[in-house]
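Since every read-out is calculated from the coordinates, none of them should be taken as a lab result. Bear in mind that the values here come from a model prediction, so they are computed numbers and not experimental data. Virtual Cβ from ideal backbone geometry, glycine too; neighbours counted across all protein chains shown.
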Amino acid sequence: MVENIPYFVRGHTAEGLVNYIDSNLQGIETIIVLKHDNKQLIADVIEYFKTKIESTKKVETIYSPYLSKQLEGLILRDKSYALLSADVLLKKDITREVIDLNHWLPMHVDEVVKENKEKIQNEAYRCFKQALSIHDQLERVYIDEMDFSKADKIAENVLSEIFADVPMQNKQAHVYKRLFGTNTIEGAINEVEQIIEPIKHRVFIKGRAGTGKSVLLKKVLNECVRLGYDVELHHCSFDPHSIDMVLIRDLNYCLFDSTAPHEFFPTRATDQIVDLYETTVTEGTDEKYAEKITQITQAYKKGMRDGLDHLSDLRSLPFFISLEHNHEKYVRQIENIVHNIQQTLK
């Protein structure tokens, strides 16, 4: 059975549209780029191509930051090739084959429409940035009530449990930078459950803003790099300077920030919870600052809602509207495009 590894390389954040594709193309020899203004067409081509893949162990499925379950890339690491939307690729000098889908389904989007798309996104980013500055106020509430020596002790215990008997690798570790979710036209989405499902040792990190979840994950990351183990590092889709997940596939370990808006709970005997609020923050902090926390949280949520409302305005633009006017004809065109891709890979 083929293992599906879903993630995002792009995300709408408080720092704008981030893109981590480069770190994920490590060792990939062939890159096929699909060029077209309509992102649904590209997604449909990639989806159909995925159904035709044979003799592979894993497929890395890259989701779009615009619509839920819309694809913008595949990476087959054991075959050393990637199929990507042109929007995703950053480096212009990287080896690639460009396939212009306008050959099958011509489409022209006016520059004014493209500029409008940028304006809408920038308004969303402005709201997210304001929300982040508000969120920083919430962090200060808990930082002032934290016992950092206890946080350090927890980190020591976690590192000891993961790495106590782990040998050093005779190689340099590679860090694959990713996102497990993002803000989209349809709201905030994530693929956490799918990503962690095959992992045996899963650590659910609980806490409040500023209680050291990201710091703990950075310490795990640094130890992985020191020992030479590759890491799938998932940045926060709100604040990309922060970390939300460290996945060490060779050790069958995953640690992640399991708080809203991506809160999950253990379902297996091997799952663990590390609660930084309960163990490092002065008891009664939530109650002591209840009114202040409520006010900050409400303002923060409003900023996020405003940002998401702006992103939702993208829905009516031609980039995201399906070109499928005649189903049978559309399917034949998709089949022809995929056949062309397959021939390119031979």
Inset, instruction - Using label points projected 7 Å from each Cα along Cα→Cβ, tell me how many nm separate Lys329 and Lys288, to one decimal. - result: 7.0 nm
Inset, instruction - With a point put 7 Å past each Cα toward its Cβ, work out how far Glu115 is from Leu227 in nm, to one decimal. - result: 5.5 nm
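Applying 1/(1 + (r/R0)^6) with R0 = 25 Å to the Cβ-Cβ distance of Val2 and Lys200, what FRET efficiency is obtained, to the nearest 0.05? List each step's numbers first, then the result.
Values: r = 19 Å, r/R0 = 0.77.
After rounding to 0.05, the efficiency reads 0.80.
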Inset, instruction - Calculate for the chain the 222 nm mean residue ellipticity that helices alone would give, adding -39,500 (n - 2.57) per DSSP H run of length 4 or more and normalising by residue count, nearest 500 deg cm²/dmol. - result: -12500 deg cm²/dmol
Legend entry - Assigned charges on the beta-carbon of Lys, Arg, Asp, Glu; the chain dipole about Cα centre (debye): 620 debye
Inset, instruction - Using every pair of alpha-carbon atoms in segment 146-281, split the distances into 10 Å bins beginning at 0 and state the percent of pairs per bin, rounded to integers. - result: 12, 44, 36, 8, 0
Inset, instruction - Considering the options Leu67, Leu83, Ala43, tell which one lies farthest towards the positive end of the dipole of segment 33-90, charges being +1 on Lys and Arg and -1 on Asp and Glu at the Cβ, about the Cα centre. - result: Leu83
Legend entry - Extent along principal axes [Cα atoms of segment 55-177; Å; largest to smallest]: 62, 44, 28
Legend entry - Amide N of segment 191-230 lying under 14 Å from the label point, which is placed 7 angstrom from the Cα of Asp271 along Cα→Cβ: 192-206
Inset, instruction - Would you mind checking the tilt of helix 290-312 against the longest principal axis of the Cα atoms of the chain, expressed as 0 to 90 degrees and rounded to 10? - result: 0 degrees
Inset, instruction - Taking 7 Å along the Cα-to-C-beta vector as the label spot, tell me the Ile53-His241 distance in nanometres, rounded to one decimal. - result: 3.6 nm
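What are the trypsin sites (Lys or Arg not before Pro) within segment 213-277 that DSSP puts in a loop, where the Cβ has at most 11 other Cβ atoms within 10 Å? Before the final figure, lay out the partial values.
Working: sites: Lys213, Lys218, Lys219, Arg226, Arg249, Arg268; in loops: Arg268.
Hits after loop and neighbour filter: Arg268.
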Inset, instruction - Any chance you could give the angle, 0 to 90 degrees and rounded to 10, that helix 111-143 forms with the longest Cα principal axis of the chain? - result: 10 degrees
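Explain nothing, just the number: relative contact order of the chain, from Cα pairs under 8 Å at least 6 residues apart, as a whole percent. Intermediate values should be presented prior to the final figure.
Values: 618 pairs, mean separation 83.8, N = 346.
Relative contact order here is 24 percent.
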Legend entry - Cα-based helix-to-principal-axis angle, 148-163 vs the chain, degrees rounded to 10: 60 degrees
Inset, instruction - Name the shape class, rounded, prolate or oblate, that the alpha-carbon gyration tensor gives for the chain, where a ≥ b ≥ c are the square roots of its eigenvalues, rounded holds for a/c under 1.5, and otherwise prolate holds if a/b is larger than b/c and oblate otherwise. - result: oblate
Legend entry - Asp306-Asp22 FRET efficiency (beta carbon distance; Förster radius 35 Å; 0.05 resolution): 0.65
Inset, instruction - Please find the FRET efficiency linking Glu29 to Arg249, where r is the Cβ-Cβ separation and R0 is fixed at 25 Å, and quote it to the nearest 0.05. - result: 0.70
Inset, instruction - Only Cα pairs under 8 Å and at least 6 apart count here; give the relative contact order of segment 146-281 as a rounded whole percent. - result: 34 percent
